[in-house]
Every structure is written in C-alpha cells, then in structure tokens.
Ligand SMILES: Cc1cc2nc3c(=O)[nH]c(=O)nc-3n(C[C@H](O)[C@H](O)[C@H](O)COP(=O)(O)O)c2cc1C
C-alpha cells in the first residue's frame with residue numbers, strides 16, 4: 001500500500017476533552033477545554049496550555065479539577081473552549097454548569113458531569129521556544145457519580161465521553177470495549 005508524508009501535525013488520536021476547573025483569587029470558578037493533555041504516570045497528568053484565565057488561576061491556587069466532556073455535555077464542553085472568563089465572567093453559568101468546591105483541592109467540581117479528578121499542581125514551566133505552559137498535576141482523588149459505576153468501578157460506556165480528533169477538529173464518541181489489556185497478547189506468547 002502506498003504511504004504519503006503529510007508533514008508535522010498533532011494528529012494523535014484520540015485526543016482528550018479535558019475540562020479544567022479552577023478558581024480565581026476571588027473564588028470565581030472557571031472551566032476551560034484542553035485537548036493537549038493526558039495521563040503521564042499512574043497518578044499524574046500533563047497539559048500544554050497557552051496563557052489563559054485558567055493558567056493565571058493555576059499559578060495562584062496550585063489546584064485544579066478535570067472533568068471529562070461527554071456526548072450529553074458536548075455543546076457546553078465546546079463553549080468553554082471558545083470563550084474566556086476574561087471576557088465572559090458568567091462563563092461557567094452560561095455553560096449550564098453548577099459547581100461545588102472540591103473536598104481535597106481548592107478547585108470547582110462540576111455537578112452536571114459524572115466523572116471528575118481533583119488535582120494538585122506539581123510543576124508549571126514555560127516552553128522557551130513557544131511560550132506555552134507545561135503543567136504537570138497529581139491526581140489526589142477521583143469523583144464518580146453512582147450512575148457511571150459498574151461493580152464499584154468506573155464504566156466508560158456509562159460515562160459516554162467525547163474525544164478530540166485534531167486532524168479534522170472534530171469530536172467523536174467512543175465505541176465499545178473490545179478486549180482486555182495485558183491479556184489478549186498472551187495468545188502470541190509461546
Ligand atoms: C477542542 C478544544 C481544545 C482546546 N485545547 C486547548 C489546549 O490543549 N491548550 C490550550 O491552551 N487551549 C486549548 N483550547 C482553548 C481554550 O479552551 C480557550 O482559549 C478558553 O477560552 C480558555 O479559557 P479561560 O481563558 O477562561 O481559561 C482548546 C479549545 C477547544 C475548543
């Protein structure tokens with residue numbers, strides 16, 4: 001089969017739809033959408049952020065939450081990636097989100113979304129080449145609604161998350177579970 005070079009692009013799929021929740025110094029909540037992020041260790045998350053209200057909040061509070069955008073919250077999830085709290089102080093309310101303060105971190109937990117992480121900032125550093133900010137956080141707690149649990153474990157089929165496709169700037173839903181990790185490959189071990 002012929003292969004074509006398409007140049008450098010951020011095409012890794014699926015991308016995340018991470019909804020980063022923070023408070024400003026006056027306790028006003030903000031939520032932003034981030035695709036450039038993911039798990040980078042058993043309990044750690046890495047994100048690449050430009051300068052936003054969110055990054056100012058992270059610098060002040062050293063804490064954030066992550067909620068996962070879902071099919072049901074797609075419009076609100078996209079909205080919080082299009083509008084800054086710097087311009088729209090009522091952003092979280094306009095998204096239709098209500099929040100409560102996390103029990104473990106000084107950051108807002110979105111009531112309407114079924115799965116959230118409470119995180120502490122471990123490090124924030126500016127990329128000298130691009131000026132973008134690389135944030136590493138530690139996950140200190142996972143909060144799940146009862147309705148997305150099966151036998152006490154998070155069931156992604158019930159969360160119904162959306163994922164980001166950087167090649168076409170699209171959102172996708174996730175399909176079905178097709179195998180067991182660290183198990184299926186055993187078929188080739190002799
Ligand atoms: C699908 C999507 C993905 C995004 N991913 C990122 C990202 O990874 N990093 C980033 O800095 N901004 C990203 N943004 C842009 C921010 O979410 C946007 O600038 C937002 O308005 C910032 O809000 P704030 O100023 O209230 O913090 C993304 C937006 C969308 C719609």
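Read-outs throughout are calculated quantities, based only on the coordinates presented, and are distinct from any laboratory measurement. Bear in mind the structure is a predicted one, so any value in this text is a computation, not a measurement. All Cβ positions, glycine included, derive from the backbone under ideal geometry; neighbour counts span all protein chains shown.
Observations on the model:
- Every residue from segment 72-98 that is away from the ligand (no atom under 11 Å from the Cβ), assigned to a helix (DSSP H, G or I) and either in contact with a strand residue (DSSP E or B) (Cβ under 8 Å, 6 or more places away or on another chain) or farther than 18 Å from residue 160 by Cα (or both): 93, 94
- Count of segment 31-69 residues, restricted to those that are in a strand (DSSP E or B) and farther than 17 Å from residue 99 by Cα, is 12.
- Pairs with Cβ under 6 Å, 6+ apart, first in segment 31-48 and at negative phi and free of Cβ contacts under 8 Å to residues at least 12 places away in the same chain, second outside any loop (DSSP other than H, G, I, E, B) and more than 7 Å from the ligand (Cβ to nearest atom): 39/45
- For segment 96-127, the set of residues classified as touching a helix residue (DSSP H, G or I) at 6+ places or on another chain (Cβ under 6 Å), more than 21 Å from residue 51 (Cα to Cα) and surrounded by 13 or more Cβ atoms within 10 Å (Cβ to Cβ) consists of 114, 115, listed by residue number.
- Among residues of segment 141-153, those that are more than 15 Å from the chain's Cα centre (by Cα), exposed (fewer than 15 other Cβ atoms within 10 Å of the Cβ) and in contact (Cβ under 8 Å) with a residue 12 or more places away in the chain, counted: 1
- The residues on offer are 163, 135, 122, and the sole one that is part of a strand (DSSP E or B), in contact (Cβ under 8 Å) with a residue 12 or more places away in the chain and more than 16 Å from the ligand (Cβ to nearest atom) is 122.
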